[in-house]
Amino acid sequence: MTRYLYTPGPVDVPFSVRRAAAGPMISHRSEEWSDLLEEVTGRLERLLDVEEPVVILPGSGTGALETLTANLLSPDDEVISFSCGTFGDRFREIASRRGAKIHALDAPRGEGFTRGHVREALERYPGADALLFTHHETSTGVVNPLEELLAEVPADGPLVLVDAVSSLGAMTCRPSKWGIDGLASCSQKGLLAPPGLALVHLSERGWERAAKGACPSYFFDLTLHRRFLKKGRPQNPFTPPVSVFYGLAESLRLLEGFGWDAWADRTRRKARSFEAACEAMGFELFVREREYRSPVMTALEVPAGKERPMKKALEDMGIIVAEGQGRDGGTLRIAHYNPGGWPEVCLLAGGVFGAARECGIDAGNGFLDEALKTWDREGDRSC
């Protein structure tokens with residue numbers, strides 16, 4: 001039976017990416033490697049529309065967050081942490097382990113933050129050294145309107161550190177334009193590559209802070225990585241996961257060829273159409289306010305005790321989804337990173353309808369009609 005992976009990460013990797021990842025091993029001190037590294041970093045810099053380098057390390061999204069805190073925070077720094085779910089809490093914990101003094105602000109379940117929240121936090125904690133935000137929170141399906149929120153932060157204000165682990169590639173993210181000093185992401189979600197690479201970008205101000213600090217880690221020291229990138233030909237300070245780089249290079253070629261904005265539009269269109277189908281069946285979405293709903297992932301509320309039976313019923317159809325996470329249980333989380341278009345919406349909606357009926361949930365008919373109306377309103381079905 002064919003299996004379809006719709007978890008919030010890792011995601012299904014296109015065949016050409018898997019094939020590229022099976023390429024031959026090469027020396028990371030060779031010209032061939034420098035060409036590959038230069039291509040990958042260049043494509044990521046175009047995606048982010050930045051001039052400062054993107055640093056790529058072996059690791060995951062959590063490793064990228066650890067890298068940010070190790071380089072941009074010092075013990076006893078005052079940090080305002082804005083959390084709207086499990087991964088915001090994790091970012092906070094990582095900063096706390098660096099020795100930072102945390103001022104914790106939590107959004108109500110299923111909600112994000114407003115400009116007023118940021119303004120009030122800056123007034124309450126005028127000595128803050130850094131702010132922590134999650135762009136897209138996959139434990140809840142909440143997206144924070146970062147461009148709007150960060151308009152409240154003065155140019156000479158606290159450093160802004162952002163978890164873009166599950167947004168990069170699938171959503172617009174402009175660090176330089178929005179005023180982000182440190183951005184963390186990874187290879188295995190919106191970039192459609194295998195797991196194994198942590199991606200970090202610093203602003204000019206972020207690099208100045210990193211140069212003044214004393215990173216406690218050799219492995220995560222971004223100034224070391226930058227020195228190797230700026231050699232005659234770019235290199236890594238130590239052995240990289242060559243196969244994952246091959247895969248990431250291919251996925252970036254595919255996505256950049258499709259068009260980053262067009263790709264984000266397709267992802268959003270799938271999410272909105274699937275939401276419409278689920279609401280037509282009678283389900284409620286965990287995120288009530290549309291302005292905070294993820295364009296990448298749907299968090300579907302299900303009746304108490306039905307999460308695991310529905311997940312199992314979907315698995316029996318070959319559709320792999322995730323349950324709620326941490327304090328945000330009682331949901332099924334279905335991601336929309338995969339390359340499919342309208343047929344994928346039909347597959348997911350039909351799967352949820354069948355799983356609901358199998359679990360004794362009275363899901364309503366007519367859901368594909370509602371999904372189709374939304375799909376046509378958001379764009380054509382040719383993709």
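Quick notes on this structure:
- When region 308-330 is filtered for residues that are touching a Leu at 6+ places or on another chain (Cβ under 6 Å) and part of a strand (DSSP E or B), only Ile320 remains.
- Residue among Arg90, Arg174 that is free of Cβ contacts under 8 Å to residues at least 40 places away in the same chain, over 23 Å from Glu275 (Cβ atoms) and of a type in the set (D, E, K, R): Arg90
- Among the residues of region 199-228, those that are under 23 Å from the mean Cα position of the chain (by Cα) and either buried (at least 24 other Cβ atoms within 10 Å of the Cβ) or at pLDDT below 95 (or both) comprise Leu199, Val200, His201, Leu202, Gly206, Leu222.
- Extreme residue, surrounded by the fewest Cβ atoms within 10 Å (Cβ to Cβ), among residues of region 350-383 that are in contact with a Ser or Thr (Cβ under 8 Å, 6 or more places away or on another chain) and at pLDDT 95 or above: Leu372
- Screening Leu36 with (1) within 30 Å of Arg333 (Cα to Cα); (2) crowded, with 19+ Cβ neighbours inside 10 Å gives one miss only, at (1).
Yes or no, residue by residue, for (1) touching a residue at least 60 places away in the same chain (Cβ under 8 Å); (2) assigned to a helix (DSSP H, G or I); (3) farther than 26 Å from Ile320 by Cβ:
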{"residue": "Thr2", "(1), (2), (3)": "yes, no, no"}
{"residue": "Gly23", "(1), (2), (3)": "yes, no, yes"}
{"residue": "Val40", "(1), (2), (3)": "yes, yes, yes"}
{"residue": "Ile56", "(1), (2), (3)": "yes, no, yes"}
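- Applying the condition of being in contact with a Ser or Thr (Cβ under 9 Å, 6 or more places away or on another chain) and part of a strand (DSSP E or B) to region 58-81 and asking which residue is farthest from Leu252 (Cα to Cα) yields Val79.
- Remark: pairs (first residue in region 330-357, assigned by TED's automatic domain parsing to the domain that holds Arg272 and under 21 Å from Met171 (Cα atoms); second residue acidic (Asp, Glu) and assigned to a helix (DSSP H, G or I); Cβ separation under 9 Å; 6+ apart in sequence or on different chains) = His336/Glu344; Asn338/Glu344.
- Check on Phe82, touching a helix residue (DSSP H, G or I) at 6+ places or on another chain (Cβ under 8 Å) and over 24 Å from Lys212 (Cα atoms): yes
- Top-ranked residue of region 82-99 - restricted to ones that are basic (Lys, Arg) and part of a helix (DSSP H, G or I), ranked as nearest to Phe220 (Cα to Cα): Arg97
- Among the residues making up region 108-118, those that are closer than 19 Å to Pro158 by Cβ and over 19 Å from the mean Cα position of the chain (by Cα) are Thr114, Arg115, Gly116, His117, Val118.
- Flag: Gly282 matches the condition of being outside the structural domain of His136 (by TED's automatic domain parsing) and at positive phi.
- Residues that are among the charged types (D, E, K, R) and either touching an Asp or Glu at 6+ places or on another chain (Cβ under 9 Å) or surrounded by fewer than 21 Cβ atoms within 10 Å (Cβ to Cβ) (or both) within region 60-88 comprise Asp76, Asp77, Glu78, listed in sequence order.
- Filter pass, Arg357 being touching a strand residue (DSSP E or B) at 6+ places or on another chain (Cβ under 9 Å) and outside any loop (DSSP other than H, G, I, E, B): no
- Those residues of region 69-96 which are of a type in the set (A, V, I, L, M, F, W, C) and under 28 Å from Thr331 (Cβ atoms), in sequence order: Ile80, Phe82, Cys84, Phe87, Phe91, Ile94, Ala95
- Taking region 161-218 as the range and being closer than 17 Å to Asn144 by Cβ, among the aliphatic types (A, V, I, L, M) and part of a strand (DSSP E or B) as the test, the residues that pass are Leu161, Val162, Leu168, Met171, Leu183, Ala184.
- When region 329-363 is filtered for residues that are over 14 Å from Val302 (Cβ atoms) and among the hydroxyl-bearing types (Ser, Thr, Tyr), only Tyr337 remains.
- When Gly305 is tested against (1) more than 30 Å from Glu256 (Cβ to Cβ); (2) touching a residue at least 12 places away in the same chain (Cβ under 8 Å); (3) in a loop (DSSP other than H, G, I, E, B); (4) not basic (Lys, Arg), only condition (2) is not met.
- Qualifying residue in region 14-29 (condition: touching a Phe, Trp or Tyr at 6+ places or on another chain (Cβ under 9 Å) and within 24 Å of Ile319 (Cβ to Cβ)): yes
- The C-beta contact set for region 189-202 (first residue not assigned by TED's automatic domain parsing to the domain that holds Lys177, second residue surrounded by 24 or more Cβ atoms within 10 Å (Cβ to Cβ) and not charged (D, E, K, R), distance under 7 angstrom, 6+ apart or interchain) is empty.
- Region 118-135, subset closer than 16 Å to Leu168 by Cα and in contact with a Gly (Cβ under 9 Å, 6 or more places away or on another chain), residue surrounded by the fewest Cβ atoms within 10 Å (Cβ to Cβ): Phe133
The values are calculated or read from the model by the stated rules, or taken from the named source; none is laboratory data. Bear in mind the structure is a predicted one, so any value in this text is a computation, not a measurement. Virtual Cβ from ideal backbone geometry, glycine too; neighbours counted across all protein chains shown.
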